[in-house]
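S.K.: Sharing a structure below in structure tokens format, with a few things to ask.
Rule-based calculations on the coordinates, nothing more; no lab input. Note that the coordinates shown come from a computational prediction; the quantities given were computed from them, not determined experimentally. Using ideal geometry, Cβ is built from the backbone for each residue, glycine included, and neighbour counts are taken over all protein chains shown.
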Amino acid sequence: MNSFTTATFNPATRQPAISGSLLYSLAAADRRTQQILEDVINGQELSEQDAIRLFDAEGPELDALVATADYLRQKSVGNRASFVITRNINFTNVCYMGCKFCGFAKRKDDPEAELLSMDEIVERAQEAWDRGATEVCIQGGLHPNIDGDHYRNILIAIKQRLPEIHIHAFSPFEIWFGALKSKMSTAEFIQDLIDHGLGSMPGTAAEILDVEIRQQLTKDKLTTAQWVDIIKTAHRLGLPTTSTIMYGHIDQPRHWAAHLGLLREIQKETGGFTEFVPLGFVHYESPLYLNNKDVRPGPTVQENIRMHAVARLMLNGWIDNIQASWVKLGPDYAQQMLRSGANDLGGTLMNESISRSSGGKHGQEIVPEDMVRMIHQAGLDPVRRNTLYQPLETFAATVEVTDLEHCRSIKAPSVSHHGQQLIATSAAGAV
Ligand code: SF4
């Protein structure tokens, strides 16, 4: 029935055994899907063509895909799932780039326009540090009045107060903008940021790395070639980045497969990606959705499952960490993704003072204890990690499992920018 060469447990290599349920799932799938999945288990690279087929999997084929992704997750990273304590600091929401999917950007004269002072940025970083954060994630709109030094000054201000905190900051779009403003090459600009404390970069603003789709989403202001060049430059300079996709709008499975294929090629060349984060399109407040009846309102549940599972197969052996974003998916579905190929829940994203100031009923945060419970309930061992996936803390296997009402009451933020979910704010400091 099967032709595995790794089908049995090998104590020498410590490969996980292929379970009876995986064998059963494979046997129930159609012959072509079974062959594709067996080939990947046996170490063959998943082709873009076969990925497109898997993106259509339903019923027994979807079950087999998920079981295979879960097996490969275990083979790559073991029985663990991780999270990081971090805080998002969105230093400005002013941006004139006009990305059509963006519900975040404001004009300068908008009552909700915001540009945080350096003191406010540092204060938020200090609050995060005091609550156990090892990382701050800093991104903003492309404010026409800030100069290129602004990015460096943010790093200097935070590092002066908190020399140990990891600063994960500035999307490739911001790097492009800052370099332009500074009249520097992107390599010079990135090196300068590294010299002043930048620890890693979000691989946001990728959206879909396809010329035709980007033209419609972003007017191609940051082209696929520019995104790839900035990411490769960062990697070449020793700066790790994440990688992302924003899916579920005007895109199709062939775009997803090509996007994953491109990320895999970059990783083969540079080895600089720490993780892959699927980010479903958020349609609320998005002009792309509101002004076009053909645009989908984000991915379906099945598409989310397929994306995490196919990513695990496609990136197998190249990018070990597939993140399920609880902010995008909600805690229940994020937990489900941990058994569909993902091995990480991302950040706690504390932003409580901001959500209070904007009148939010619930905090925009999952506390570490919630992360631990979610991972335990998925049947995996929780690990608190740092930004670069080094383990910092493990947790007892017998944590009391309580209900997740707190997590479930958290509403997903309704805006996004650079393809990443952000948290709406109306805190003081608006310009
Ligand atoms: S996605 Fe980012 S760059 Fe594009 S309009 Fe929104 S804030 Fe500006």
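S.K.: Would you kindly derive the ³J(HN,Hα) couplings of segment 34-46 from the backbone phi angles with the Karplus curve 6.51 cos²θ - 1.76 cosθ + 1.60 (θ = phi - 60°), listing them in order in whole Hz, with x for Gly and Pro?
M.R.: 4, 5, 4, 5, 4, 4, 5, 4, 7, x, 7, 6, 6
S.K.: Classify segment 175-285 as rounded, prolate or oblate from the Cα gyration tensor: take a ≥ b ≥ c as the square roots of its eigenvalues, call it rounded if a/c is under 1.5, otherwise prolate when a/b beats b/c and oblate if not. Display every interim value, and only then the final one.
M.R.: Values: a/c = 1.97, a/b = 1.50, b/c = 1.31.
Prolate shape, in that a/c is at least 1.5 and a/b is the bigger ratio.
S.K.: Hey, how many Å between the Cα centroid of segment 248-268 and the Cα centroid of segment 27-58?
M.R.: Here the answer is 17 Å between Cα centres.
S.K.: Then there is this: For a footprinting-style exposure proxy, rank Lys219, Lys232, Lys159 by other Cβ within 10 Å, fewest first. If you can, show how the numbers build up before the last one.
M.R.: Values: Lys219 12, Lys232 15, Lys159 18.
Ranked by crowding around the Cβ, least crowded first: Lys219, Lys232, Lys159.
S.K.: What is the gain in length, in nm to one decimal, between Tyr284 and Gln126 on full extension, counting 0.36 nm per residue of separation less the C-alpha to C-alpha distance? Could you put the intermediate results ahead of the total?
M.R.: Details: separation 158, 0.36 × 158 = 56.88 nm, distance 3.19 nm.
This chain segment gains 53.7 nm when fully extended.
S.K.: P(r) of segment 4-77 in 5 Å steps, Cα pairs, percent per bin?
M.R.: All Cα pairs considered, the percentages come to 3, 16, 30, 27, 15, 6, 2, 0.
S.K.: For segment 80-392, which semi-axes, largest first and in whole Å, follow from the square roots of 5 times the eigenvalues of its Cα gyration tensor? Mind showing how you got there, number by number?
M.R.: Working: eigenvalues 134, 114, 89 Å².
Semi-axes from the Cα gyration tensor: 26, 24, 21 Å.
S.K.: What list of ³J(HN,Hα) values in whole Hz, one per residue of segment 179-191 in order, does the Karplus curve 6.51 cos²θ - 1.76 cosθ + 1.60 (θ = phi - 60°) give from phi, with Gly and Pro shown as x?
M.R.: 5, 4, 5, 8, 6, 10, 6, 4, 5, 5, 5, 5, 4
S.K.: Something else about it: Defining a contact as two alpha carbons under 8 Å apart and six or more residues distant in sequence, what relative contact order in percent does the chain show? Walk me through the numbers before you get to the answer.
M.R.: Working: 864 pairs, mean separation 89.7, N = 431.
About 21 percent, as a whole number.
S.K.: Still on this structure, please answer the following. Using modelled backbone amide H atoms (1.01 Å from N, in-plane), which distant-in-sequence or interchain residues come within less than 5 Å of Gln15's amide H?
M.R.: Long-range HN contacts for Gln15: Asn10.
S.K.: For all pairs of alpha-carbon atoms in segment 230-352, what percent lies in each bin of width 5 Å, listed from the first bin to the last filled one?
M.R.: 2, 11, 20, 20, 19, 15, 9, 3, 0
S.K.: Put +1 on the Cβ of each Lys and Arg and -1 on the Cβ of each Asp and Glu in segment 130-202; which of Asn153, Ser185, Gly141 then has its Cα farthest toward the positive end of the dipole?
M.R.: Value computed over the given set: Gly141.
S.K.: Return Glu174, Glu365, Glu123 ranked ascending by Cβ neighbour count within 10 Å, so the fewest neighbours appear first.
M.R.: Values: Glu174 25, Glu365 20, Glu123 15.
In order of increasing Cβ crowding within 10 Å: Glu123, Glu365, Glu174.
S.K.: Sticking with this one: Using 0.36 nm times the number of residues separating Leu180 and Gln252, minus their current alpha carbon distance, what extension gain do you get? Working shown, then result.
M.R.: Values: separation 72, 0.36 × 72 = 25.92 nm, distance 3.28 nm.
Roughly 22.6 nm would be gained on extension.
S.K.: Then there's this: Taking R0 as 45 Å, what's the FRET efficiency between Asp294 and Gln160 from their Cβ-Cβ distance, rounded to 0.05?
M.R.: Values: r = 50 Å, r/R0 = 1.11.
The computed FRET efficiency comes out at 0.35.
S.K.: 5 Å is the cut-off here: which amide hydrogens, built 1.01 Å from N in the peptide plane, fall below it relative to His166, excluding neighbours closer than 5 in sequence?
M.R.: For His166, whose amide H was placed from the backbone, the distant partners under 5 Å are Glu135, Val136.
S.K.: If you take every DSSP beta bridge fully contained in segment 80-392, what fraction is antiparallel? Give it as a percent rounded to 5. If you can, show how the numbers build up before the last one.
M.R.: On the way: 2 of 29 bridges.
Antiparallel bridges: around 5 percent, rounded to the nearest 5.
S.K.: When the helices in the chain are scored as -39500 (n - 2.57) per DSSP H run of 4 or longer and the sum is shared across all residues, what 222 nm value do you end up with, to the nearest 500 deg cm²/dmol?
M.R.: Values: 18 runs with 181 residues, N = 431.
Calculated mean residue ellipticity at 222 nm is -12500 deg cm²/dmol.
S.K.: Would you pull out the residues with amide H under 5 Å of Arg80's amide H, same chain only if 5 or more places away, H placed 1.01 Å from N?
M.R.: Asp381
S.K.: Quickly work out the Trp318-to-Asn386 label distance, labels modelled 7 Å from Cα along the C-beta direction, and quote it in nm with one decimal.
M.R.: Here the modelled spin labels are 2.8 nm apart.
S.K.: Using 7 Å Cα-to-Cβ label points, what is the Gln302/Glu58 separation (nm, one decimal)?
M.R.: Output for this residue pair reads 0.4 nm.
S.K.: Taking the Cα centre of segment 208-311 as the origin, how large is its charge dipole in debye, to the nearest 20, when only Lys and Arg (+1) and Asp and Glu (-1) carry charge on their Cβ atoms?
M.R.: Values: 11 positive and 11 negative charges, 15 e Å.
Using only the charged Cβ atoms, the result is roughly 80 debye.
S.K.: In whole Hz, what ³J(HN,Hα) sequence does segment 282-295 give by Karplus (6.51, -1.76, 1.60; θ = phi - 60°), x for Gly and Pro?
M.R.: Working through the residues one at a time gives 9, 8, 4, 6, 8, x, 4, 7, 5, 9, 8, 6, 8, 7 Hz.
S.K.: For segment 80-392, what is the charge dipole size about the Cα centre, in debye to the nearest 20, if Lys and Arg each add +1 at the Cβ and Asp and Glu each add -1 at the Cβ? Provide the component values of the computation, followed by the final result.
M.R.: Values: 32 positive and 37 negative charges, 114 e Å.
My answer is approximately 540 debye.
S.K.: Turning to a different aspect of this structure: State, to one decimal in nm, how far the label point of Asp220 lies from the label point of Asp149, with both points 7 Å from Cα in the Cβ direction.
M.R.: 3.6 nm
S.K.: With a cut-off of 16 Å, note down the residues of segment 135-152 whose backbone N falls inside the zone around a label point 7 Å from the Cα of Tyr96 toward its beta carbon.
M.R.: Counting backbone N atoms under 16 Å from the label point, the list is 141-148.
S.K.: Order by neighbour count: Leu46, Leu162, fewest other Cβ atoms within 10 Å first, most last.
M.R.: Leu162, Leu46
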